[in-house]
1. Filter the stretch 174-209 down to residues that are surrounded by 12 or more Cβ atoms within 10 Å (Cβ to Cβ) and of a type in the set (Ser, Thr, Tyr) and give me whichever is nearest to Asp233 (Cα to Cα).
2. List the pairs whose first member sits in the stretch 182-202 and is in contact (Cβ under 8 Å) with a residue 24 or more places away in the chain and under 13 Å from Pro250 (Cβ atoms), whose second member is assigned to a helix (DSSP H, G or I) and of a type in the set (Val, Ile, Thr), and whose Cβ atoms are under 9 Å apart, counting only residues at least 6 apart or on separate chains?
3. Checking Gln273 against (1) free of Cβ contacts under 8 Å to residues at least 40 places away in the same chain; (2) surrounded by 13 or more Cβ atoms within 10 Å (Cβ to Cβ), only one condition comes out false. Which one?
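Please treat every number below as a calculation from the coordinates, not as lab data. Small disclaimer: the values here were computed from a predicted structure and weren't measured. Virtual Cβ from ideal backbone geometry, glycine too; neighbours counted across all protein chains shown.
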Amino acid sequence: METNKILTADILDILFEGRNKNYGAYELRKTYNKRITYAIIGTIALCLLLLVSSILANSGKKKEAKIFVQDVNLENVKQDEKKPEPPPPPPPPKQEPPKVEITKFTPPKIVKDEEVKKEDEIKDVEKLEDTKIGTINQEGAKDLGVVAPVVESKGSGIVEAPKQEEDYDKVFTVVQIAAEFPGGITAWQKYLQRNLNSNIPVDNGAPPGKYTVYVTFIVDKEGKISDVHAENDPGYGTKDEAIRVIKKGPNWTPAVQNGRKVIYRHKQGITFQVSDE
């Protein structure tokens, strides 16, 4: 190779000067960089193809959320069992008032002595001072001014316990007529299903499954909703979503106990179901 071309010549040309460049080694070394570039580009393209395929496959399986509504009856709080009251004592035996001596009053009548009967004889005034005057003669105690007890009318002998008045200002959990959403249970279910965001658990990354939150709230005598709170929290935003929708609902029809409107606590179960399509 000429001296003036050495500075501008490729290292491969200097190395293979005077040798057979068509043998193969020269060509391999000459195209090495190009082949490496193609290999890197091909590898990147293959990785991108696999990534896109995975994304498309996952996007085809979207999570679906459904809402189920069920009413829950509050159980009565167990109260201390009342011991049966002992039967009332039997009425005291009836005591008859003591007999008082009674002298028959005989109107004066003029008749013959032999016609006067013994019981019709007029008593001496002295004997009448300590006796009662009546229509018959009766032996007994002297009249000392004691008043005989009043004879009571016959009763059943059963003493009724005083009736306890119902406290209609307390919060009832069991009533004769429960509080009701306007339109009934069907309208209540439709209201919840239309207003609840069923995608809340999905948006918060909930895996497939059921997430049930139990919410209790008070319906006052005017039907207004208050004291809304959840008894549990399944997570993924379900508790806050259930409370939000119940709070913004319309007034209910109040509960009724013994013909009176009362304060009632209602318990509602709401289930968010997340599943793969």
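1. So the residue we want is Ser198.
2. Pairs found: Tyr191/Val245; Leu192/Val245; Leu192/Ile246; Asn195/Val245.
3. (1)
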